[in-house]
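Remarks on the structure that follows.
Bear in mind that the values in this text are calculations on the coordinates, not laboratory data. Please read these numbers as outputs of a predicted model, since none were measured by experiment. Quick reminder, even Gly has a Cβ in these numbers, built from the backbone with ideal geometry, and neighbours come from all protein chains shown.
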Amino acid sequence: MSTVDPEEPRPDENGDQAEGSGHPADDIDAEFARLTEGLSLDDAPFTVEDVLSEAAEEGEDEVPTVAVIATSVVSAKALAGVIRLGREARTDGIDIPTGTRTLDTSTGAIAAGSLAETAAHDLAAIASAALQRNGIVLFWRRGDRMTATRYKNGERGEDISPAIVLGAVDDVVEELLLGATELDELGEGLDPAALTRAEALEWIASGKKRK
């Protein structure tokens, strides 16, 4: 019959007592504390759902996006000025998204860029704020998802089927959305964010007629 107390530390091979409190759970806790010392887990995912969600978001970031705003503005130069003044008219602090450019098409100037969805809607709100009663349509695509949204007076309107309105705009809009044409193939375009207020007014005045 053994006389060893299970609560007492067991001797090692040399007959000495093991270091620590002698309780295996205490030893594990102490080792875990040592390994995680100085490590912050505040921002780390703790569930399988969190990990999968984080991975999905990272995957979405890798999918190319494109936004195209179709307008009836006669020239890209005038539209660039309109967007610059539209930013000034907003009181909610949204700014012209980086990468925005205006381009000429046969059915009216467009504003386009490889923009995330939120940035695309910010741009549409800015553009329509200056155009007031003249409505515009924002097309946005990422992967297999394509949307079309009406904007007027700086406010978001109804979502509509892209197929309904694509027939009313230049074919280049559909080509951009489908990836058949890349933005870079259309040239640098005009950057509305680079304009001063005075330049924007001048561009609107001089851009009323196509060159």
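Tabulated values for the structure
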{"quantity": "Gain in span if fully extended, GLU175 to GLU202, counting 0.36 nm per residue against the direct Cα distance", "calculated": "6.6 nm"}
{"quantity": "Overall form of region 115-204 per C-alpha gyration tensor (a/c, 1.5; a/b vs b/c)", "calculated": "oblate"}
{"quantity": "Charge sum, other residues only, whose C-beta stays under 11 Å from LEU166's C-beta, Lys/Arg counted +1 and Asp/Glu -1", "calculated": "-4"}
{"quantity": "Percentage, to the nearest whole number, of Cα pairs in region 104-156 over 13 Å apart", "calculated": "58 percent"}
